[in-house]
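Below you'll find the structure, written out as structure tokens, and then a few comments.
The values are calculated or read from the model by the stated rules, or taken from the named source; none is laboratory data. Just so you know, these numbers come straight off a predicted model, no measurement behind them. We place every Cβ from the backbone using ideal geometry, glycine too, and count neighbours over all the protein chains shown. In case anyone asks, the SASA skips ligands and DNA or RNA and just uses the protein heavy atoms, side chains included. Shrake-Rupley method; radii C 1.70, N 1.55, O 1.52, S 1.80 Å.
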Amino acid sequence: MPNETTDLAVGDSLVTHDGDELIAETTRTEETLFTTTYTDAQTGELRLALQVDITTGSTALDPRHIDQGYWTLVAEGEERPMSALREVLGTIPDPSIEVKPERREISVYSEEE
């Protein structure tokens, strides 16, 4: 089965999560770069934006586009204040990031976990 996200043309978007609280939309912004935004389903307020480079697998979070009061940061299984995100990303080698919209969590962990 083809991956719907990677089949997008540059500039096209796809809703990847449509919940009661959040809507996630992924846009192919460049040939190898995807941007996913999580917006409040009721107000349209941006709660999170992240970018993924499909050639490297790296994910970039911009602190300016994280609603720190909305999300909980979970690092290696432990809850941390969102203000510790930069520190967490610096202490975990080659970190992986998973967004869990239903739980309002941004999980950061090492590949070995």
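What residue, of 102, 76, is more than 16 Å from the chain's Cα centre (by Cα) and open to solvent by 80 Å² or more (accessible area, probe 1.4 Å)?
Checking each option against the conditions leaves just 76.
I'd like the full set of residues that are open to solvent by 40 Å² or more (accessible area, probe 1.4 Å), touching a residue at least 12 places away in the same chain (Cβ under 8 Å) and either part of a strand (DSSP E or B) or among the aliphatic types (A, V, I, L, M) (or both), limited to the stretch 1-16.
If the condition is that a residue be open to solvent by 40 Å² or more (accessible area, probe 1.4 Å), touching a residue at least 12 places away in the same chain (Cβ under 8 Å) and either part of a strand (DSSP E or B) or among the aliphatic types (A, V, I, L, M) (or both), then 9, 10, 13, 14, 16 are the ones that fit.
Among all residue pairs at least 6 apart or on different chains, which show Cβ distances below 6 Å where the first residue, located in the stretch 73-101, is farther than 20 Å from residue 47 by Cα and the second is part of a helix (DSSP H, G or I) and of a type outside the set (Val, Ile, Thr)?
Correct list of pairs: 95/89.
Would you pick out the residues in the stretch 87-99 that are under 26 Å from residue 21 (Cα atoms) and either touching a Lys or Arg at 6+ places or on another chain (Cβ under 9 Å) or open to solvent by 70 Å² or more (accessible area, probe 1.4 Å) (or both)?
98
Taking only the stretch 17-42 into account, find how many residues are open to solvent by 60 Å² or more (accessible area, probe 1.4 Å) and either more than 16 Å from residue 65 (Cβ to Cβ) or touching a Gly at 6+ places or on another chain (Cβ under 6 Å) (or both).
6
So if I check each of 66, 23, 54, which one is in contact with a helix residue (DSSP H, G or I) (Cβ under 8 Å, 6 or more places away or on another chain) and closer than 28 Å to residue 7 by Cα?
Going through 66, 23, 54 in turn, just one is in contact with a helix residue (DSSP H, G or I) (Cβ under 8 Å, 6 or more places away or on another chain) and closer than 28 Å to residue 7 by Cα: 66.
Tell me yes or no: at least one residue of the stretch 41-50 is within 15 Å of the chain's Cα centre (by Cα), among the β-branched types (Val, Ile, Thr) and either part of a strand (DSSP E or B) or farther than 19 Å from residue 89 by Cα (or both).
No: zero hits.
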